[in-house]
Amino acid sequence: MVAAAVSIALAASACGDGGDDKDSGGSAKANAAVEGVVNASDKKGGTLVYEASDTPDSLDPGNTYYGFVFNLSRIYARSLTTFPPGAGQEGTKVVPDLAESLGTPSNDGKTWTYKIRKGLKFSDGTEITSADVKYAIERSNFSREVHSHGPSYLREYLIDNEGGYKGPYKDKDEEGLKSIEVPDDQTIVFNLKQPFADFDYLLASPQSAPVPRDKDTGADYVKNIVSSGSYKFESYEPDKQAVLVRNEHWDPKTDPMRKQLPDKIVVKFKVNQETIDQNLIAGNTHVDLVGNGVASQTQSKLLAGKQDPNTDNAQGSRLVYMAINMKVAPFDKLECRQAVQYAIDKVSAQTAVGGPIRGDIASTVLPPDVPGYQDFDLYETPDDKGDVKKAKELLKECGQPNGFTTNITARNDRQGEVDMATAIQASLKKVGIKVNIQQYPAGKYFTDYAGVPKFTEDKNIGLMMMQWGADWPTGFGFLTQIVHGKMIGDSGNDNLSQLDNKEINKLLDDAIADTDESAREKAYAEVDRKTMEEAAIVPLTYFKVLHYRSEKLTNVVSNPTWSGQYDYLNLGLK
């Protein structure tokens with residue numbers, strides 16, 4: 001059925017490619033969107049449809065940590081900086097967005113100043129000012145009891161008020177955080193505890209997108225988001241769908257990047273992955289929002305004989321791995337963690353998720369396309385298929401000669417993740433470790449389950465499936481949230497291993513304050529090696545994804561900044 005649908009879709013697109021738009025010509029070509037922009041066009045109109053296999057953590061730009069929401073949010077929330085739609089290194093260059101230019105550092109890199117563009121308006125017609133940007137950062141970083149999902153870098157690096165700033169919901173003083181200054185409506189100044197070489201990258205997070213104080217309703221803001229981008233919300237039904245339409249107060253003169261092409265954008269949630277694939281091929285939907293690629297059954301069809309010309313096999317600065325919880329016995333012992341490293345047959349795990357087209361076998365925390373990567377393998381096994389003898393020797397050393405029982409988590413809407421956990425379960429059984437698989441919804445995986453240390457400790461969850469893409473395309477942007485001790489939180493935690501190594505923490509802290517790029521990359525390589533010495537993370541594959549590219553789409557490009565997802569900023573329709 002899928003093969004027939006592909007034939008029909010190809011035939012239909014071949015008959016309907018004409019028109020007076022500015023589409024770039026040429027027949028479909030596999031991996032074309034990995035190499036450049038496919039079907040470049042300025043044509044306006046139509047309804048662009050996204051589908052997602054689950055719900056996101058949140059669409060609130062200040063309360064999200066999913067990469068696909070970072071990507072999508074740029075159409076309704078303009079951050080101070082962002083990344084342009086582009087392939088390869090072109091897509092990883094940080095550029096000004098809400099700001100007129102990149103930041104101006106001073107005070108030895110501890111002070112950063114930005115000027116926001118003139119003439120900016122929210123979707124309700126009110127003026128956007130620097131105070132709205134300041135407030136957005138205060139609500140997202142200093143009210144973690146309300147907004148627990150997003151990154152917390154700014155909270156960590158901004159100078160706190162004397163006595164501690166409690167956030168805008170508890171601290172009613174409208175001056176707010178004193179280390180963010182707004183001397184006028186266009187200027188915003190950040191004062192940091194220490195130099196931060198990647199600060200322009202940091203502000204590409206949607207947390208720096210402006211929020212008007214008088215329209216903020218805390219946790220309910222997601223129901224009535226005030227847009228600063230080219231689209232605004234017409235409606236939002238949690239767990240069902242969101243509908244966006246043109247923001248009439250968006251001015252292209254203030255925005256050198258956005259095109260505002262579709263008339264309407266519909267985002268549907270909780271659609272089965274195979275249904276999404278069929279809808280893509282049939283032309284009923286245009287983009288798989290989550291961007292984790294087609295289901296394994298669909299992949300087999302699309303790769304039969306040779307790779308389908310409407311597919312893109314993209315790589316994007318992401319690691320598929322299993323975190324080992326260092327706070328759950330017996331994984332509090334190094335040798336027990338090392339035993340797991342040796343026991344796992346990585347080829348079977350790779351096969352379970354779809355084979356080499358879904359990623360090369362990994363041995364390091366840093367993927368090859370992130371600065372600081374070095375090729376090494378501390379737990380090498382014959383043909384990457386595991387070493388039962390070595391694993392059993394280490395189990396004896398850690399006092400578990402007969403093995404033990406533990407639990408592993410996976411997200412229930414990600415079949416590849418569940419299948420990989422099943423392969424790991426089989427590998428560990430060979431050395432006497434019994435593993436029970438616990439599946440949880442993706443939308444609450446970090447807030448309620450795997451990302452809650454108390455929950456994992458109470459439920460004897462020693463192993464957790466995980467994928468991680470760089471918060472921004474540098475070694476610091478990739479490593480900090482998952483290996484720095486101070487990033488361990490009570491909820492929304494991404495350091496699932498609860499790794500808190502003083503040497504690793506110091507290497508990261510010192511590196512980001514260093515203006516020497518080569519020295520920073522050397523430090524990130526050392527952090528990678530020390531993390532592997534701790535055996536806290538089991539690298540499985542350097543993630544690759546197989547996308548199906550709808551023939552109806554224009555301006556299609558796989559951007560490595562968004563973990564190989566298509567860049568959502570300027571997608572349009574033929």
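The residues in segment 387-425 that are over 17 Å from P441 (Cα atoms), open to solvent by less than 20 Å² (accessible area, probe 1.4 Å), without any contact (Cβ under 8 Å) to a residue 60 or more places away in the chain and not in a helix (DSSP H, G or I) can be counted, and the count is 1.
Given the condition touching a Lys or Arg at 6+ places or on another chain (Cβ under 6 Å) and hydrophobic (A, V, I, L, M, F, W, C), answer yes or no: does some residue in segment 165-181 qualify? Scanning segment 165-181 turns up at least one residue that is touching a Lys or Arg at 6+ places or on another chain (Cβ under 6 Å) and hydrophobic (A, V, I, L, M, F, W, C).
Among the candidates K544, K459, the residue that is of a type in the set (K, R), touching a strand residue (DSSP E or B) at 6+ places or on another chain (Cβ under 6 Å) and touching a residue at least 40 places away in the same chain (Cβ under 8 Å) is uniquely K544.
The strands (runs of 3 or more DSSP E) found wholly in segment 22-140 and carrying at least 1 residues that are among the aliphatic types (A, V, I, L, M) occupy 47-51. Condition check for G293 on (1) in a helix (DSSP H, G or I); (2) of a type in the set (G, A, S); (3) closer than 16 Å to Q467 by Cβ: one failure, at (1). Contact annotation: residue pairs with Cβ atoms under 6 Å, 6 or more positions apart or on different chains, pairing a residue in segment 202-222 that is within 23 Å of E156 (Cα to Cα) with a partner that is among the charged types (D, E, K, R), are A209/R78; P210/D132.
The combined condition, being within 30 Å of M257 (Cβ to Cβ) and either among the hydrophobic types (A, V, I, L, M, F, W, C) or more than 23 Å from the chain's Cα centre (by Cα) (or both), is fulfilled by V556.
Does V182 qualify as being touching a residue at least 24 places away in the same chain (Cβ under 8 Å), in contact with a helix residue (DSSP H, G or I) (Cβ under 6 Å, 6 or more places away or on another chain), assigned to a loop (DSSP other than H, G, I, E, B) and more than 23 Å from A513 (Cα to Cα)? No; evaluated as a whole, the condition is false for this residue.
Take the conditions at pLDDT 95 or above, assigned to a helix (DSSP H, G or I) and open to solvent by less than 20 Å² (accessible area, probe 1.4 Å) and apply them to A519. Does it pass? For A519, the condition - at pLDDT 95 or above, assigned to a helix (DSSP H, G or I) and open to solvent by less than 20 Å² (accessible area, probe 1.4 Å) - is not met. Within segment 462-487, the set of residues being in a loop (DSSP other than H, G, I, E, B) and either touching a strand residue (DSSP E or B) at 6+ places or on another chain (Cβ under 7 Å) or surrounded by fewer than 19 Cβ atoms within 10 Å (Cβ to Cβ) (or both) comprises A470, P473.
In the set (1) out of contact with any Gly (no Cβ under 8 Å at 6 or more places or on another chain); (2) over 28 Å from K454 (Cβ atoms), Q481 fails one condition alone, (2).
Screening the candidates T47, T82, T64, T55 for the property of being among the polar types (S, T, N, Q), open to solvent by 10 Å² or more (accessible area, probe 1.4 Å) and either closer than 28 Å to D509 by Cα or touching a helix residue (DSSP H, G or I) at 6+ places or on another chain (Cβ under 9 Å) (or both) yields one hit, T55. If you go through segment 249-265 and keep only what is open to solvent by 20 Å² or more (accessible area, probe 1.4 Å) and touching a residue at least 40 places away in the same chain (Cβ under 8 Å), you end up with H249, W250, D251, K253, M257, K259, Q260, D263, K264. Scanning segment 157-167 for residues that are outside any loop (DSSP other than H, G, I, E, B) and open to solvent by less than 50 Å² (accessible area, probe 1.4 Å) turns up at least one hit.
The values are calculated or read from the model by the stated rules, or taken from the named source; none is laboratory data. Since the model is a prediction, treat every value here as computed from it, not as a measurement. Quick reminder, even Gly has a Cβ in these numbers, built from the backbone with ideal geometry, and neighbours come from all protein chains shown. Keep in mind that these areas ignore ligands, DNA and RNA; they rest on the heavy atoms of the full protein, side chains included. Shrake-Rupley method; radii C 1.70, N 1.55, O 1.52, S 1.80 Å.
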